[in-house]
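For reference, the structure discussed in these notes is given below.
The values are calculated or read from the model by the stated rules, or taken from the named source; none is laboratory data. None of these values were measured; they are calculated from a predicted model. No Cβ is skipped: glycine too gets one built from the backbone with ideal geometry, and neighbour counts run over all protein chains shown.
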Amino acid sequence: MPRIRSLAGLKAATMACRECPIGQYATQSVIGEGNPKARLMLVGEQPGDQEDLQGHPFVGPAGKLLSQALEQVGIPREQVFVSNALKHFKFELRGKRRIHKTPTQREAAACLHWLADEIALVKPEAIVALGSTAARSLVGRAVPVMAARGQWLDREDGRPVLITLHPSALLRVPPEDRDAAFTAFAADLAKARAILR
Ligand code: SF4
């Protein structure tokens, strides 16, 4: 397989990828965006419904929460690079609605080399894993996210990986607990702020 030399090349290659079953049902692949030389990269699970339609990562409701939390802790979103472990949206149809489906480990493993290419292109000093799929893809083993949140783990390449939840988890919290959940999420992200200094 040829080495990917640019983010445009990564987009084209993932658009054509059918190395797992997800790609054939999605509208398009969605790769990371932001500062292409960012010192800090954030990785989620996969594009969602809006991301799949618009072709950009973290533009739906979870992405808006992520932007708010980054702003609150003084991490400008334009300074970081935001991506996903998987490059296509996995869903099931319920009527006309496309409902997010968690990717299998096999699907995440199939997509891992694209994430590795993306990390090799951006060369971040550190990475934030948003949720368990990202944590497993980045660290190479299952990570108990609730127990490990706010902690830095090491990748095989030596880059530190900060563990936290996926912002979509905040959308599932009962309304009365949402402020506290958002504050805890932002507190996790704040630990990555020093990377930008
Ligand atoms: S999700 Fe990843 S491995 Fe699966 S088809 Fe898309 S780019 Fe390929």
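Annotations for the structure displayed:
- Every listed requirement among (1) surrounded by fewer than 19 Cβ atoms within 10 Å (Cβ to Cβ); (2) assigned to a loop (DSSP other than H, G, I, E, B); (3) touching a residue at least 24 places away in the same chain (Cβ under 8 Å) is met by His88 save one, (1).
Per-residue answers, yes or no, for (1) without any contact (Cβ under 8 Å) to a residue 60 or more places away in the chain; (2) out of contact with any Gly (no Cβ under 8 Å at 6 or more places or on another chain):
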| position | (1), (2) |
| --- | --- |
| Arg3 | no, yes |
| Leu7 | no, no |
| Met15 | yes, yes |
| Ala26 | no, yes |
| Arg39 | no, yes |
| Gly44 | no, no |
| Gly55 | yes, yes |
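- Within segment 21-80, being polar (S, T, N, Q), over 23 Å from Thr104 (Cβ atoms) and in contact with a strand residue (DSSP E or B) (Cβ under 8 Å, 6 or more places away or on another chain) holds for Asn35, Gln79.
- Counted residues, segment 149-159 - those being closer than 14 Å to Asp188 by Cα and assigned to a strand (DSSP E or B): 2
- Segment 20-43: number of residues that are within 13 Å of the ligand (Cβ to nearest atom) and either buried (at least 17 other Cβ atoms within 10 Å of the Cβ) or among the hydrophobic types (A, V, I, L, M, F, W, C) (or both): 9
- Filtering segment 137-153 to residues that are of a type outside the set (Gly, Ala, Ser) and in contact with a helix residue (DSSP H, G or I) (Cβ under 7 Å, 6 or more places away or on another chain) leaves Val143, Val145, Arg149, Leu153.
- Looking only at segment 44-93, and only at residues there that are among the basic types (Lys, Arg) and away from the ligand (no atom under 16 Å from the Cβ), the one that is nearest to Arg197 (Cα to Cα): Arg77
Per-residue answers, yes or no, for (1) assigned to a helix (DSSP H, G or I); (2) under 11 Å from the mean Cα position of the chain (by Cα); (3) among the aromatic types (Phe, Trp, Tyr); (4) closer than 27 Å to Val173 by Cβ:
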position	(1), (2), (3), (4)
Glu19	no, no, no, no
Gly23	no, no, no, no
Thr27	no, no, no, no
Lys37	no, no, no, no
Met41	no, yes, no, yes
Leu53	yes, no, no, yes
Val59	no, no, no, yes
Gly63	yes, yes, no, yes
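- Residue-level analysis places Gln105 outside the set of residues that are out of contact with any His (no Cβ under 8 Å at 6 or more places or on another chain), among the polar types (S, T, N, Q), more than 17 Å from Glu45 (Cβ to Cβ) and modelled with pLDDT of 95 or more.
- Residue in segment 113-135 that is closer than 25 Å to Ser67 by Cβ, in contact with a His (Cβ under 7 Å, 6 or more places away or on another chain) and among the aliphatic types (A, V, I, L, M) present: yes
- Matching residues in segment 91-131 - criterion: being touching a residue at least 40 places away in the same chain (Cβ under 8 Å) and hydroxyl-bearing (Ser, Thr, Tyr): Thr102
- Residue within segment 111-123 that is buried (at least 17 other Cβ atoms within 10 Å of the Cβ) and either more than 16 Å from the ligand (Cβ to nearest atom) or modelled with pLDDT under 95 (or both) present: yes
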